[in-house]
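Working notes, beginning with the structure itself.
Where a number appears in this text, it was derived from the coordinates with a stated rule and is not lab data. Computed from a predicted structure; not experimentally measured. Using ideal geometry, Cβ is built from the backbone for each residue, glycine included, and neighbour counts are taken over all protein chains shown.
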Amino acid sequence: MIYFDAHCHLMDDSVFLAAQTGGVSSFIVNTTRPDEWEKAADLNKRLTGIYFCAGIHPWYVRDAYPGWQQHLCAFLEKYPQSMVGEIGLDKKKPFFDEQIYVFKECLKIAARYNRQVHIHCVGAWDEMIECLSEYRDVLPLFHRFVGDEFIIQKLKWFNAYFSILNNRYADIIPDNRLLVETDSPDGLKTPAAIPELVRNMHLDVDYLYQTFREFLGEL
Ligand SMILES: [Zn+2]
């Protein structure tokens, strides 16, 4: 059985190694600020099974210093395997106009370099769909999805994938678009929790892994 964590963050090497001992072989490591990007690339060099992303999280748009876009482009050129994330919109947090600007810039760059995007969206689905409509070429993964069936229907236009960490939405997300995550260290504490999560949700491990590899473009 091959387990994966479709969304987590930078953590100590020992956390990933412990999860691998428990059968979780792959992890998508998201970043929230530019100073984390190279740390994620370093993690990928040290350990196996690390996929990584460069992004500016909507909570940290104030960390977007002048010239960050060129920095992101240079990073994606240097690391052709890097994806873009964590990016998105969060209406519960301040600086919403800046969030929209940074998110659109990230989408534009992801589209230019043809990279998957890992998205955080809280309470901003109208704006989200408007932004994605401008950049239809990017493949989005909505992490820790919180929405309803109507939103899922709309997001099908964008071939969206969804990752979840409890079974609240498992029934309404199409099977071939469903992934699992821990959002460690902020969600569930460690990616080692994935096998139990999959068991509790009665999901098919092999099918999940196939969906994961399809999202990554490996199949
Ligand atoms: Zn996250």
> Considering segment 16-36 alone, what residues qualify as being over 24 Å from Asp206 (Cα atoms), away from the ligand (no atom under 15 Å from the Cβ) and under 17 Å from the mean Cα position of the chain (by Cα)?
Replying inline: Pro34
>> Scan segment 182-193 and tell me whether some residue there is more than 16 Å from the ligand (Cβ to nearest atom), charged (D, E, K, R), more than 20 Å from Phe52 (Cβ to Cβ) and not in a strand (DSSP E or B).
In response: no
>> Taking the criterion of being in contact with a Phe, Trp or Tyr (Cβ under 7 Å, 6 or more places away or on another chain) and closer than 25 Å to Val102 by Cβ, would at least one residue in segment 192-214 satisfy it?
In response: no
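Can you find, within segment 136-146, the residue that is surrounded by the fewest Cβ atoms within 10 Å (Cβ to Cβ) among those that are within 12 Å of Phe162 (Cα to Cα) and either within 16 Å of the ligand (Cβ to nearest atom) or free of Cβ contacts under 8 Å to residues at least 24 places away in the same chain (or both)?
Taking the candidates together, the pick is Val146.
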> Restricting attention to segment 128-144, which residues are part of a helix (DSSP H, G or I) and out of contact with any Gly (no Cβ under 8 Å at 6 or more places or on another chain)?
Replying inline: Ile129, Glu130, Cys131, Leu132, Ser133, Glu134
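Matching residues to (1) in contact with a strand residue (DSSP E or B) (Cβ under 7 Å, 6 or more places away or on another chain); (2) part of a strand (DSSP E or B):
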site: Gly88; (1), (2): yes, yes
site: Lys92; (1), (2): yes, no
site: Tyr101; (1), (2): no, no
site: Glu105; (1), (2): no, no
site: Arg115; (1), (2): yes, no
>> Regarding segment 197-211, can at least one residue be identified that is under 23 Å from Glu130 (Cα atoms) and aromatic (Phe, Trp, Tyr)?
In response: no
>> Criterion first (among the hydroxyl-bearing types (Ser, Thr, Tyr) and either in a helix (DSSP H, G or I) or in contact with a strand residue (DSSP E or B) (Cβ under 9 Å, 6 or more places away or on another chain) (or both)) does Tyr65 satisfy it?
In response: no
>> Given the options Ala18, Ala74, name the one that is surrounded by fewer than 18 Cβ atoms within 10 Å (Cβ to Cβ) and in contact (Cβ under 8 Å) with a residue 40 or more places away in the chain.
In response: Ala18
>> I'd like the full set of residues that are among the hydrophobic types (A, V, I, L, M, F, W, C) and away from the ligand (no atom under 16 Å from the Cβ), limited to segment 37-78.
In response: Ala41, Leu47, Ala64, Trp68, Leu72, Cys73, Ala74, Phe75, Leu76
> Out of the residues in segment 90-135 that are in contact with an Asp or Glu (Cβ under 6 Å, 6 or more places away or on another chain) and among the hydrophobic types (A, V, I, L, M, F, W, C), which is farthest from the ligand (Cβ to nearest atom)?
Replying inline: Ala111
> Which condition number in (1) within 16 Å of the ligand (Cβ to nearest atom); (2) touching a Phe, Trp or Tyr at 6+ places or on another chain (Cβ under 9 Å) is the one that Gln81 fails?
Replying inline: (1)
> In segment 201-209, is there at least one residue being surrounded by 13 or more Cβ atoms within 10 Å (Cβ to Cβ), more than 16 Å from the ligand (Cβ to nearest atom), of a type in the set (Phe, Trp, Tyr) and in a helix (DSSP H, G or I)?
Replying inline: yes
